[in-house]
Amino acid sequence: MILLFVVLFPIAAALAILLGAPARRTALWSAGITLGATLLLCLGFEGNAHGAYEMVTSFSVNDDWNINFALGIDGLSLMMLLLTALVTFAAVWFTGEIAQHRNAFYACLLFIAAGAMGAFASLDLFFFYAFHELALIPTFLLIGIWGSGNRVVAAWKITIYLATGSFILLLGLIMLYRAVPETARSFDFRVLQKSAILIPAKAQGNIFLLLLFGFGILVSLFPFHTWAPEAYASAPAPAAMLHAGVLKKFGLYGLLRLALPLLPAGAQEYNTLLIYLLLGNIIYVGLVTIAQKRLDWMLGYSSVMHMGYIFLGIASGTLVGTTGAAVLIFAHGISIALLFALAGEVRQRTGTLVLEDLGGLGKLMPLAGFAFGLAAFASIGLPGFSNFSGEVMVLFGTFRNGANPERFTIYQVATLLGLWGVVMSAVYMLRAYRAVFMGSQGESLSAVTDLRQGLRVPIGLLVAITIWFGFFPQTFVKLVTPTFKTYFAAKQ
């Protein structure tokens, strides 16, 4: 029942806010209670060597189609629920004064959180897809109504891209359902996993390609990435935190949950294509990130660039690399959420995020400068932060695939190019930190004030989490490894 509460409570709180409940107080209490309940899920999770689902709750919705509102967790989905709860709590706390439609703004944040929670906890294909669509609608509204800059164009662009990705994904899920023999068809993930061996290898390739492009567009896989930087630059900071930190990870979760275990032959067929595309994320987008002149656009492109490492882990074809991809999903979600939150605070106080118009804010905003530095170190992949352990596992896992002492394969080449991406990350992050917080300050910035003391709570929480899992990565490794063990055991 705790799992059901975690999924439905944010929806109830959002509806209460729309009906007139105090917006900020209700949203903050809802996010805090949901985080507490998620931590109880973590404490109650037993885990097992086979990665079986626990705390399963199921209600029949349609007997003819065998659709059930089924929820359950394994190590992977529990990690995603924890990420969602943490970022939601921080995003609501960071939300400042809203000039118009205050209740609707907070309700949209909670609807995004509820959609993500529902998608990550669902064991039914129908609700897996439906919960994600629930989270997309408030995302468009937050950008189009409360955004800044060219917000209308950004809202339409993200709508067109993500609607296209969702449509392609829907076609792939329908084909996946119909590829299973009629006597074994089901929307239930557990039944599909048992029936996956019945899907012909030829059909797997077509289905995997649709899922790859459907999920890939939602994740900003190159060359379908251009919606993300503009959307994040135009979005209010809490919306950027939730989408970049949590909702964008839905596509990666879908590939790990559905595409890899259910379509192994298809994944093998298109693995080379995926590697070429993800290298576009790492190398091309990395170079574009270095060229950015605004902090918000730089963070947006940085988020797109780092998706390449997670895709690399998915394409690695090894247990170490795939586990590293899952760890990096969580690590990146925490660090990018904190970076967008701090960028929003800088824009609120200075009125600009143009790098050349900033400088010397470290003296005026020491707390923001310290927190941004830690978040930048985490994003770069500095040892001691959870991003480091995830990236190391991805790179080592990928390099080990097909290792040949006589010649390099595409996996070794991709690993070496990925290492150059780490260098580029250091260049653009440290350059941005220097431009914003170091050097001399302009006269127009002399009245800037530091972050309010209350923000130490969400900042301290996000920093503590990324440092804890940086020093103790085995906490997550032990959690998610059983999810992938069965898949890789079946391949051998």
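The values are calculated or read from the model by the stated rules, or taken from the named source; none is laboratory data. Here the structure is a predicted model, which means the values were calculated and not measured. Note that we place each Cβ from the backbone using ideal geometry, even for glycine, and neighbour counts take in every protein chain shown.
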Give the residues of segment 441-468 that are modelled with pLDDT under 90, farther than 16 Å from residue 368 by Cα, part of a helix (DSSP H, G or I) and not acidic (Asp, Glu), sorted by residue number.
444
Of the conditions (1) within 30 Å of residue 210 (Cα to Cα); (2) part of a helix (DSSP H, G or I), residue 317 satisfies every one except a single condition; which number is it?
(2)
Can residue 126 be described as on the phi < 0 side of the Ramachandran plot, assigned to a helix (DSSP H, G or I), in contact with a strand residue (DSSP E or B) (Cβ under 8 Å, 6 or more places away or on another chain) and surrounded by fewer than 21 Cβ atoms within 10 Å (Cβ to Cβ)?
yes
Is at least one residue of segment 346-358 closer than 28 Å to residue 475 by Cβ, part of a helix (DSSP H, G or I) and within 26 Å of the chain's Cα centre (by Cα)?
no
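So if I check each of 217, 168, 145, which one is closer than 25 Å to residue 94 by Cα and either touching a residue at least 24 places away in the same chain (Cβ under 8 Å) or of a type in the set (Lys, Arg) (or both)?
Only one candidate qualifies: 145.
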Does segment 116-151 hold any residues that are among the small types (Gly, Ala, Ser) and in contact with a His (Cβ under 6 Å, 6 or more places away or on another chain), and which are they?
119
Those residues that are under 26 Å from the mean Cα position of the chain (by Cα) and in a loop (DSSP other than H, G, I, E, B), I need them from segment 359-370; list them, please.
none
For residue 391, the lone unmet condition from (1) modelled with pLDDT under 90; (2) among the charged types (D, E, K, R); (3) surrounded by 15 or more Cβ atoms within 10 Å (Cβ to Cβ); (4) under 17 Å from residue 324 (Cα atoms) is (1)
I need the full set of residues from segment 255-279 which are free of Cβ contacts under 8 Å to residues at least 60 places away in the same chain, crowded, with 20+ Cβ neighbours inside 10 Å and closer than 25 Å to residue 422 by Cβ, in order please.
255
Restricting segment 268-298 to residues that are in a loop (DSSP other than H, G, I, E, B) and not aromatic (Phe, Trp, Tyr), which is farthest from residue 372 (Cα to Cα)?
291
Qualifying residue in segment 23-45 (condition: more than 25 Å from the chain's Cα centre (by Cα), free of Cβ contacts under 8 Å to residues at least 24 places away in the same chain and surrounded by fewer than 23 Cβ atoms within 10 Å (Cβ to Cβ)):
yes
Qualifying residues in segment 165-181 (those that are farther than 14 Å from residue 132 by Cβ and not aliphatic (A, V, I, L, M)) - the one modelled with the lowest pLDDT
181
Among the listed residues 396, 377, identify the single one that is surrounded by fewer than 17 Cβ atoms within 10 Å (Cβ to Cβ), assigned to a helix (DSSP H, G or I) and within 24 Å of the chain's Cα centre (by Cα).
396
Which of the residues belonging to segment 421-435 are in contact with a helix residue (DSSP H, G or I) (Cβ under 6 Å, 6 or more places away or on another chain) and under 18 Å from residue 342 (Cα atoms)?
428, 429, 432, 433, 435
From the list 209, 198, exactly one residue is surrounded by 16 or more Cβ atoms within 10 Å (Cβ to Cβ) and of a type outside the set (D, E, K, R). Which is it?
209
